[in-house]
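The values are calculated or read from the model by the stated rules, or taken from the named source; none is laboratory data. Values in this document were obtained by computation on a predicted structure and should not be read as measured data. Note that each Cβ is placed from the backbone with ideal geometry, even for glycine, and that neighbours are counted across all protein chains shown. Keep in mind that these areas ignore ligands, DNA and RNA; they rest on the heavy atoms of the full protein, side chains included. Shrake-Rupley method; radii C 1.70, N 1.55, O 1.52, S 1.80 Å.
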Amino acid sequence: MAAIDVGNAATDRATAYSDGRTFIDLANPANLSGKITSVELWFSVDATGVKVGTFSGSSGQYTSRDVATIGNVTSGSKQTFSGLSINVVAGDFIGIFFSSGGLELDTTGGSGVYNKLGDQFGTGVQTYALNATHAMSTYGAGFEAPTVTTQAVTVIDITTATGNGNITDTGGVNA
């Protein structure tokens, strides 16, 4: 299985986003479909009520695909959360919501971040406002979904050869 990655590196940045909004990072959309199994975050202020997930859409219209509740996150360094199982489809973006705290952000040099007031996970299609050059410290990694293949089953009658040269059907499909 190939590796999936989505979002920006979780690093110490110039400023921070305030709480109470859902943010969707346009940098580095998911390269493959599968599961995000770990997330890296960097907060400048301790955070509570943290949720991280995937979003699909474009041009300010986004829908959450899946979410994992992280809970509380300590600030001041990169924090990694493993053992997650967040569905992701190639082209999805990573998003985050937190009730309190401050998420590291740069206001220049980024691919852009959409935002909307409130927790938008599970709310259907929503319209978000764009901060065109922003970059935030939210990164996800995981593995491509395994390829499932099907194979035809061939049924064979079971027969037995007797000592006299006769063949006897012993209970296959046509018995």
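For the reader, a short list of remarks on this structure follows.
- Residues satisfying the stated conditions in the range 9-23, i.e. under 13 Å from Leu105 (Cβ atoms) and outside any loop (DSSP other than H, G, I, E, B): Thr15, Ala16, Tyr17, Ser18, Arg21, Phe23
- Scanning the range 125-150 for residues that are open to solvent by 80 Å² or more (accessible area, probe 1.4 Å), part of a loop (DSSP other than H, G, I, E, B) and under 18 Å from Asn31 (Cα atoms), we see that the one that is modelled with the highest pLDDT is Pro146.
- Counted as qualifying within the range 31-103 are the strands (runs of 3 or more DSSP E) with 3 or more residues that are open to solvent by less than 30 Å² (accessible area, probe 1.4 Å) and farther than 17 Å from Gly122 by Cβ, namely 34-58.
- Flag if Ala16 is farther than 28 Å from Ala145 by Cα, over 10 Å from the mean Cα position of the chain (by Cα), open to solvent by less than 10 Å² (accessible area, probe 1.4 Å) and of a type outside the set (D, E, K, R): no
- Ile24 vs. criteria in contact (Cβ under 8 Å) with a residue 24 or more places away in the chain, among the β-branched types (Val, Ile, Thr), out of contact with any helix residue (DSSP H, G or I) (no Cβ under 9 Å at 6 or more places or on another chain) and farther than 16 Å from Val125 by Cβ: no
- Here the condition is being within 21 Å of Ala129 (Cα to Cα) and more than 14 Å from the chain's Cα centre (by Cα); of Gly60, Gly91, Gly53, it holds for Gly60 alone.
- All positions within the range 104-115 that are over 19 Å from Ser44 (Cβ atoms) and open to solvent by 20 Å² or more (accessible area, probe 1.4 Å): Ser111, Tyr114
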